[in-house]
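K.L.:
This structure is in structure tokens; I'll ask about it shortly.
The values are calculated or read from the model by the stated rules, or taken from the named source; none is laboratory data. Note that this is a predicted model, so its numbers are computed, not measured. Here Cβ is always computed from backbone atoms with ideal geometry, including for glycine, and neighbour counts include all displayed protein chains.
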Amino acid sequence: MRGVKILILKDAEAVAKKSASLIVERINKNPKLVLGLATGETMLPLYEELRRAYKRGEVNFSEVKTFNLDEYFGINSDDKNSYRSYMDKELFNKVNLRKKNINFLDGDVKEYKKVCIDYEKKIKSVGGIDLQILGIGRNGHIAFNEPGSSFKSRTRKVRLSERTRRDNSKYFFSLRRVPKFALSMGIGTIMESKEIVLLASGKRKANAIHKSIDGKITNRIPASVLRKHKKATFILDRAAASDFNKI
Ligand code: F6R
């Protein structure tokens, strides 16, 4: 069966609790889970819930492997604005994930093409991603696959749209300092995950969610491709779901 399963919950906290319990359940079922992770504001309460679950002894990450979706290009992983630093702070340094099981795109190397090819190979070598967590951009992007990205795209260097740069500028001192490029898993790469869960909260995501679910499946709205996946779920709060069926 294809088509996205949609869960609509009260607020961002409920979205985080539900998605954290889904991840914990999948890890308990398969301690060697290959988990795809995202960064951004939406994920902050999710990582808080995962840290709590770990502290309560409900989950063991020691054999879990992770692959993050994306990283800014031209930023060192030690930089406070790198996605690697975000993940270290929010999750990696707080739970018992092993360093060797953490996979990340290095956005600060000249041989970025090799980095992208090796990332794809690494994903394949561990048998593919079992569960991929996604956020969504206001323009419908998933990872850093901006509108117009091919549904067949693989991990590569991408140009960030002005809207994405503006949205992410709150973490930098000025828009000028927001990187123009990133390395990102492709839509083709993401679609090969066995299960995909997209989280969205807040009114500012309502239009992108509405277009992804109610509109045409088109690469102008990258998240709409998820309707072609065998096992994709959107976990939304009421605000993010508030524009449904408005076409
Ligand atoms: C981040 C990522 C992006 C974000 C999206 C939403 O790793 O892949 O697609 O998920 O831009 O970001 P927030 O949650 O900050 O609104």
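K.L.:
Kindly indicate the residue of the stretch 24-45 that is within 22 Å of MET191 (Cα to Cα) and within 16 Å of the ligand (Cβ to nearest atom) and also surrounded by the fewest Cβ atoms within 10 Å (Cβ to Cβ) among those meeting that condition.
P.N.:
Here the residue is GLY40.
K.L.:
Report whether or not ILE136 is under 17 Å from the mean Cα position of the chain (by Cα), aliphatic (A, V, I, L, M), in a loop (DSSP other than H, G, I, E, B) and within 13 Å of the ligand (Cβ to nearest atom).
P.N.:
Yes, satisfied.
K.L.:
Could I ask something else about it? Scan the stretch 99-119 for residues that are touching a residue at least 60 places away in the same chain (Cβ under 8 Å) and of a type in the set (A, V, I, L, M) and jot them down.
P.N.:
Across the stretch 99-119, the qualifying residues are LEU105, VAL115.
K.L.:
What's the total number of residues in the stretch 63-98 that are within 13 Å of the ligand (Cβ to nearest atom), in contact (Cβ under 8 Å) with a residue 40 or more places away in the chain, over 17 Å from ASN168 (Cβ atoms) and assigned to a strand (DSSP E or B)?
P.N.:
Qualifying residue count, the stretch 63-98: 1.
K.L.:
So ARG163 clears everything in (1) within 13 Å of the ligand (Cβ to nearest atom); (2) surrounded by fewer than 23 Cβ atoms within 10 Å (Cβ to Cβ); (3) in a loop (DSSP other than H, G, I, E, B) except one condition, right? Which one?
P.N.:
Exception for ARG163: condition (3).
K.L.:
May I ask you to list pairs of residues, at least six apart or on different chains, whose Cβ atoms are under 6 Å apart, with the first in the stretch 133-145 being on the phi > 0 side of the Ramachandran plot and the second being near the ligand (Cβ under 8 Å from one of its atoms) and among the hydroxyl-bearing types (Ser, Thr, Tyr)?
P.N.:
Once the first residue is on the phi > 0 side of the Ramachandran plot and sits in the stretch 133-145, its partners that are near the ligand (Cβ under 8 Å from one of its atoms) and among the hydroxyl-bearing types (Ser, Thr, Tyr) give ALA143/SER184.
K.L.:
Test of understanding: among SER201, SER193, SER212, which residue is surrounded by 24 or more Cβ atoms within 10 Å (Cβ to Cβ) and under 13 Å from the mean Cα position of the chain (by Cα)?
P.N.:
Result of the check over SER201, SER193, SER212: SER193.
K.L.:
If I ask for residues that are in contact (Cβ under 8 Å) with a residue 60 or more places away in the chain, more than 12 Å from the ligand (Cβ to nearest atom), within 15 Å of ARG156 (Cα to Cα) and in a helix (DSSP H, G or I), which ones from the stretch 176-213 would you list?
P.N.:
Hit for the stretch 176-213 is THR189, nothing else.
K.L.:
Shifting gears a bit: With the structure loaded, tell me whether PHE144 is at pLDDT 95 or above and over 21 Å from LYS5 (Cβ atoms) or whether it fails that test.
P.N.:
Yes.
K.L.:
So PHE73 ticks every box in (1) closer than 27 Å to ASN30 by Cα; (2) among the hydrophobic types (A, V, I, L, M, F, W, C); (3) touching a strand residue (DSSP E or B) at 6+ places or on another chain (Cβ under 6 Å) but one. Which box is left unticked?
P.N.:
With respect to (1) closer than 27 Å to ASN30 by Cα; (2) among the hydrophobic types (A, V, I, L, M, F, W, C); (3) touching a strand residue (DSSP E or B) at 6+ places or on another chain (Cβ under 6 Å), PHE73 is out only on (1).
K.L.:
Sticking with this structure for a sec: Could you please find all residues in the stretch 23-58 being in contact with a strand residue (DSSP E or B) (Cβ under 9 Å, 6 or more places away or on another chain), in a helix (DSSP H, G or I) and of a type in the set (D, E, K, R)?
P.N.:
The one that is in contact with a strand residue (DSSP E or B) (Cβ under 9 Å, 6 or more places away or on another chain), in a helix (DSSP H, G or I) and of a type in the set (D, E, K, R): ARG26.
K.L.:
When you check ILE142 against the structure, is it surrounded by fewer than 21 Cβ atoms within 10 Å (Cβ to Cβ) and not polar (S, T, N, Q), yes or no?
P.N.:
No, not satisfied.
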